[in-house]
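The structure appears right after this line, and notes come after that.
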Amino acid sequence: MSQFLEQLARPRPDPGGGAAAAYGATLALALLEKIILLEGRRHPQAPDQARFREARRKEAHSLAQALSQLQREDVQAYFQFSRARAGGDQGEAVAAAGLHAFQVPRQIMDKCLQALDLAWRVGQSCKRHLFSDLLVVAEFLEAGLQGAGHIARANLRLIPQGFQRDALSQELYRVVQQGDEILLKIKAVGHIPGEPPKP
């Protein structure tokens, strides 16, 4: 982890915002996995409930692995585009590299959205003493989703007009809206009677 942070702090373009967004989401999923394990250990359950909880833990772990891979791919996508552009080819090679540079942060957004949905499902039975940690999970995932969205929007300019950039931009907006809605649902679950609702 420290190696990535050291690389991120260097005065060079890679790794950049997309990789940072993915990294933040993997932190959230590690904490989510902890929450799932703690709940299972502190509150012994029937075998079917234990299997259900283990399935959620595996889902969190799988999402974290996918995001770690996308974190690496984001750096490679930047290299590929820079290499194609430096080669003087303004044709298919640059178009393909530009599309890939858009698709990687777009995939990070999808994984963050899936992780938010998982956090929402975990929150349905999350014990009160662990709910503040679950809110940290949700906020990190929302930040990852929003952050990857910023990078994806910026990389839209790398895609030729023939790829319907306006439609892709609207798609990004819809995904962010879905994430916002799930975050609000998670916060609503954690509302304590007598306290003002969480914004």
Given a cut-off of under 8 Å on Cα pairs at least six residues apart, what relative contact order in percent is computed for segment 20-125? 35
Provide the FRET efficiency to the nearest 0.05 for the Gln146-Gln170 pair, computing r from the beta carbons and using R0 = 22 Å. 0.85
Across segment 56-199, how many lysine pairs separated by 8 or more positions, or lying on different chains, have Cα atoms within less than 15 Å? 4
Provide, in order from the shortest bin, the percent of all Cα-Cα pairs of segment 44-173 in each 5 Å bin, continuing until the bin that contains the maximum pair distance. 2, 10, 16, 17, 15, 11, 9, 7, 5, 4, 2, 1, 0
TM-like helix rule applied to the chain (DSSP H, alpha carbon span at least 24 Å on the long axis, mean Kyte-Doolittle at least 0.0) gives 17-42, 92-123, 128-155
Under 15 Å Cα-Cα from Lys34, which aspartates and glutamates qualify once same-chain neighbours fewer than 8 residues away are excluded? Glu54, Glu59, Asp133
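Below 8 Å between Cα atoms, with a sequence gap of 6+, how large is the relative contact order for the chain in percent?
27
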Hey, any idea what the orientation-averaged projected area of the convex hull of segment 1-64's Cα atoms comes to, in nm²? 4.9
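FYI, it's all coordinate maths here, none of it is from the lab. The model shown is predicted, which means the values in this text are computed figures rather than measured ones. Cβ atoms come from the backbone with ideal geometry, glycine included; neighbour counts cover every protein chain shown.
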